[in-house]
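Some notes on the structure that comes next.
The values are calculated or read from the model by the stated rules, or taken from the named source; none is laboratory data. If you're wondering where the values come from, they're calculated on a predicted model, not measured in any experiment. Virtual Cβ from ideal backbone geometry, glycine too; neighbours counted across all protein chains shown.
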Amino acid sequence: IILSGVSYRYRNQQFLFEGIDLSVAAGAKAAVVGDNGAGKSTLLKLVAGELAPAAGSIACSSRPYYVPQHLSAAGISAVGVLGVADKLDALRAIGSADPRCYDILADDWDVEARCRAALDHWGLPHVGLTDPVDALSGGERTKLCLAGISVHNPSVILLDEPTNHLDTSGRRRLYDLIRASRATIVVVSHDVALLNLLGTTCELSAKGLKVYGGNYDF
């Protein structure tokens, strides 16, 4: 992940931050910390491609897998959040006269089994793949998003306050994932236990971005 001179401003033209430079090497794990309102979540959304910078450039080796702090999922199914609803539909339509099903599935024959296994691993055995997400709690929604990491095996992962709504078992699973993963990971969090699993700390403020090595001590 490489950010060069990245700036972001609100619609009223007020800058949230300017000239941010950041480089996270392949396989490295970095934390973004700072005061509330400093723009940590906005910075993560810029890297995820959900927002566009006012200036500067952002480059990633592959499309990041982004777990937002708040999942807005009205009317969306579990597999919709996981991003494989089209593949599941195609899998279940195999044998029909529509050859596009094979193109959509792209030989991903075990996608349904991977989704089911991922949900079970994150403590969501009661959530059906086509169930609407509206009724899920905040913690369950976070677990659902985290389950997508097992489904897609991304090489770049962005996590925005992932432990805010997690129970103890969910936090343990996340910590284990962070320890074992070889992906490039950037995390926004106030969770000291999580931050201390990451090799680099980036402190965002109105003065810019400062990068430190080692654990972050609150």
Close pairs (7 angstrom Cβ cut-off, 6 or more residues apart or separate chains): in contact (Cβ under 8 Å) with a residue 60 or more places away in the chain in the stretch 175-188, surrounded by fewer than 16 Cβ atoms within 10 Å (Cβ to Cβ) and aliphatic (A, V, I, L, M) anywhere:
THR184/ALA26; THR184/ALA28
All-but-one check, ALA135 against (1) over 14 Å from LYS29 (Cβ atoms); (2) of a type in the set (A, V, I, L, M); (3) in contact (Cβ under 8 Å) with a residue 60 or more places away in the chain, failing number (3)
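Return a yes/no flag: does the stretch 115-123 have any residue that is of a type outside the set (Val, Ile, Thr), assigned to a loop (DSSP other than H, G, I, E, B) and surrounded by fewer than 18 Cβ atoms within 10 Å (Cβ to Cβ).
yes
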Residues satisfying the stated conditions in the stretch 15-30, i.e. surrounded by fewer than 15 Cβ atoms within 10 Å (Cβ to Cβ), more than 15 Å from PRO154 (Cβ to Cβ) and not aliphatic (A, V, I, L, M)
PHE15, GLY19, ASP21, SER23
Pairs where the first residue, in the stretch 90-109, is of a type in the set (A, V, I, L, M) and the second is modelled with pLDDT under 85, C-beta under 9 Å, 6+ apart
ALA90/ASP98; LEU105/ILE94
Being surrounded by fewer than 20 Cβ atoms within 10 Å (Cβ to Cβ), hydrophobic (A, V, I, L, M, F, W, C), within 21 Å of LEU44 (Cα to Cα) and in contact with a Lys or Arg (Cβ under 9 Å, 6 or more places away or on another chain): is that true of ALA206 here?
no
From the list LEU159, LEU105, LEU119, which one is aliphatic (A, V, I, L, M) and modelled with pLDDT under 95?
LEU105
